[in-house]
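The values are calculated or read from the model by the stated rules, or taken from the named source; none is laboratory data. Everything numeric in this text was worked out from a predicted model, so none of it was measured. Backbone-built Cβ (ideal geometry, glycine too); neighbour counts: all protein chains shown.
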Amino acid sequence: MKPIITATELSEIFNQENLIILDARVGKNARENYLQNHIKGALFINLDEDLAEIGKNAAFGGRHLLPKISKFVHVLQNLGISEDSHVVIYDLANGGNAAARSWWMLRAFGLEKVQVLSGGFQKDEKLGIATNSGEENSIKTEINAPENWLLKTSTLEEVEKEIAENSATVIDVRDAYRYRGESEPIDLVAGHIPGAINIPFSENLDENGEFLSPEILKEKYQNILADVLTPLNMTKKLIIHCGSGVTACHTILALDYAGFPIPNLYVGSWSEWSRREGKKIAREV
């Protein structure tokens, strides 16, 4: 199953019995705004509470650590998700970052039928798909949990080692001004990991905020990473990071959509690296 679904395609399966729609919107008053208006039947999933652990010290793990699988299994059960579910996730801002994090975690949990809605809620509204307000009901399910996350991740120490040995390409998907170190709106220090290259996640989207086609994405990444990627193959490890391991999932999603193997996610990302004592910081200003 391709990881991206369009609003038109969603409308065609809207009454499918095993369909679970998740609203992953973030921001101030996210839940209150969800209760005011959302896709009919969609269940709210919270980035900080359901998709992450917020640690005491971001220098060890970053701002959005992965939760324990034992916690996440209860999240899925309460949402009514089982092995047979077809899950579609959407959000509102930034082209689907929180939705992409949800997709990555569901896939890393072992679920296969998981898709992100291209264009998010706004695109869906324009096509006239039914919306609703208030709470939506779910039926609690049972689901088998893996022992570990099934998609690959990299630690800070592994990223540092891979860069030093030139055995991996590390992609920073934050906006270019943050990568260059011009300013930093979220974390404490501006700049980037020495040796990382910058491919902003926004370049995965067209002018309407929808994902580029798989063909365009494939050509784009092959051209940029000609020394790393070969068609549907990788000659050395690819590690993706962002600020806190959320937006990085957007580019991982795009690479999967383009037909490439799913690369490693550096969960701690810049929020961990920039806070860890003794780590070098690069700037281009």
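Miscellaneous remarks
- Check on S138, under 26 Å from E32 (Cα atoms), surrounded by 14 or more Cβ atoms within 10 Å (Cβ to Cβ) and in contact with a Leu (Cβ under 6 Å, 6 or more places away or on another chain): yes
- Residue match in region 157-170 (condition: within 22 Å of the chain's Cα centre (by Cα), in a loop (DSSP other than H, G, I, E, B) and surrounded by fewer than 18 Cβ atoms within 10 Å (Cβ to Cβ)): no
- Failed condition for R31, given (1) in contact with a His (Cβ under 7 Å, 6 or more places away or on another chain); (2) surrounded by fewer than 22 Cβ atoms within 10 Å (Cβ to Cβ): (1)
- Just one residue in the set I69, I81 is crowded, with 23+ Cβ neighbours inside 10 Å and either more than 30 Å from V189 (Cα to Cα) or more than 15 Å from the chain's Cα centre (by Cα) (or both); that residue is I81.
- Looking across region 195-210, the residues that are in a loop (DSSP other than H, G, I, E, B) and either in contact with an Asp or Glu (Cβ under 6 Å, 6 or more places away or on another chain) or surrounded by 15 or more Cβ atoms within 10 Å (Cβ to Cβ) (or both) come down to G195, A196, I199, P200, G209, E210.
- Here K279 does not qualify as surrounded by fewer than 22 Cβ atoms within 10 Å (Cβ to Cβ), in a helix (DSSP H, G or I) and of a type in the set (K, R).
- From G95, G55, residue being in a loop (DSSP other than H, G, I, E, B) and touching a residue at least 40 places away in the same chain (Cβ under 8 Å): G95
- A Cβ distance below 7 Å, combined with a sequence gap of six or more or placement on separate chains, defines the contacts here; from region 136-158, residues that are closer than 24 Å to A248 by Cα reach residues that are in a loop (DSSP other than H, G, I, E, B) in the pairs P146/G110; W149/L66; L150/G110; L151/I262; T153/V267; L156/G268; L156/R276.
- Some residue of region 118-130 being farther than 19 Å from V88 by Cβ, among the charged types (D, E, K, R) and under 20 Å from the mean Cα position of the chain (by Cα): no
- Checking each residue in region 1-32 for being in contact (Cβ under 8 Å) with a residue 40 or more places away in the chain and among the polar types (S, T, N, Q) picks out T6, T8, S11, Q16, N18.
- Selection within region 253-285 - within 23 Å of E184 (Cβ to Cβ) and β-branched (V, I, T): V267, I281, V285
- All positions within region 40-58 that are crowded, with 20+ Cβ neighbours inside 10 Å and at pLDDT below 95: none
- The residue of region 117-140 that is nearest to D206 (Cα to Cα), among those that are touching a His at 6+ places or on another chain (Cβ under 9 Å) and either outside any loop (DSSP other than H, G, I, E, B) or aromatic (F, W, Y) (or both), is F121.
- Selection within region 264-276 - within 13 Å of the chain's Cα centre (by Cα) and surrounded by fewer than 24 Cβ atoms within 10 Å (Cβ to Cβ): N264
- Exactly one residue out of A190, A254, A226 is in contact (Cβ under 8 Å) with a residue 24 or more places away in the chain and outside any helix (DSSP H, G or I), and it is A190.
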